[in-house]
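Data first, discussion second: the structure below is written as structure tokens.
What follows is calculated from the coordinates using simple rules that are stated; it is not laboratory data. Computed from a prediction, not measured in an experiment: that's the story for all the values here. Here the Cβ positions follow ideal geometry from the backbone for every residue, glycine too, while neighbour counts run over all protein chains shown.
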Ligand SMILES: Cc1cc2nc3c(=O)[nH]c(=O)nc-3n(C[C@H](O)[C@H](O)[C@H](O)COP(=O)(O)OP(=O)(O)OC[C@H]3O[C@@H](n4cnc5c(N)ncnc54)[C@H](O)[C@@H]3O)c2cc1C
């Protein structure tokens, strides 16, 4: 069993089943369940032969959205009247400015976690931590008063899911009118050799760990049934 190994190419119509190419060598399998994000499916995996047009269309219908986080430490005992775990949507400086929300003192810890998504998150996806911190601090300052900023670290810890080649986003969203793509992507392909699973493939629980887990379990059951059937 290989962990931490990047699959780069998938030959999914081999006589034996599926051949996966990795920098460590090849893996031959009767079937493969792919649980990578649709961002990875769309840009980083090579399929031989090319995927059926319906699968490619389903992947394109489920692009990755982005929700990013920044953790900013507070360097004093000041808690600004917020109890542990308080979640606040920060007021926007003007109509049209991006939304940002804050989780104060998660589990009683000494930091706030700021959430920002969509266009703002993509625009800041490659920005240095200092620039993202300045954006978050400005919002904190608008909410708590600029004097409060002296209590917070200048620079926070920023998530990088948008640019991390293992994810390329936070979770998949369905383009308007294309939610059925989730169901289609979850079907077995290549006579059951190739299955897709993960949060993007769950109709009711998309975007959650529970959806990812359930869709993986469903794909595993389908492969088991197929293998038992072919063993006769
Ligand atoms: C800010 C934020 C908050 C969230 N909050 C919640 C929450 O409160 N509750 C909740 O249920 N969900 C939450 N989610 C969503 C949840 O994290 C995802 O829905 C879930 O992790 C998706 O799981 P997955 O297995 O489908 O995909 P992933 O977690 O993306 O797993 C895919 C795996 O594939 C691996 N991989 C990628 N490329 C390759 C390759 N080429 N070869 C081999 N392996 C590869 C990756 O390393 C990764 O391990 C949140 C997400 C974000 C971003």
Stick to Cα atoms and the Kirkwood definition of Rh, then tell me Rg/Rh for the chain. 1.08
Ranked output for segments 86-99, 116-129 by mean other Cβ atoms within 10 Å, highest leading, reads 116-129, 86-99
What base-10 log of the normalised intensity I(q)/I(0) is obtained for segment 165-210 from the Debye formula, alpha carbons as equal point scatterers, at q = 0.15, 0.18, 0.27, 0.32 Å⁻¹? -0.42, -0.59, -1.03, -1.15
Just to verify a number: FRET efficiency for residue 203 and residue 134, C-beta to C-beta distance, R0 = 41 Å, to 0.05? 0.55
For segment 13-70, projected area of the alpha-carbon convex hull averaged over all directions, nm²: 5.6
So, for the Cα atoms of segment 144-232, Rg and Dmax in Å stand at 20.1, 73
Calculated [θ] (222 nm, deg cm²/dmol) that DSSP helices of n ≥ 4 give over the chain, each run adding -39,500 (n - 2.57): -8500 deg cm²/dmol
Taking a crude spin-label model, label points 7 Å out from Cα along the C-beta direction, the residue 92 to residue 142 distance in nm is 0.9
Quickly work out the residue 218-to-residue 54 label distance, labels modelled 7 Å from Cα along the C-beta direction, and quote it in nm with one decimal. 1.6
Cα centroid of segment 105-135 to Cα centroid of segment 1-76, whole Å: 27
In degrees between 0 and 90, to the nearest 10, how far off the longest principal axis of the chain does helix 209-231 point, with axes built from Cα atoms? 10
How big is the Rg/Rh ratio for segment 67-158, C-alpha atoms only, Rh by Kirkwood, two decimals? 0.93
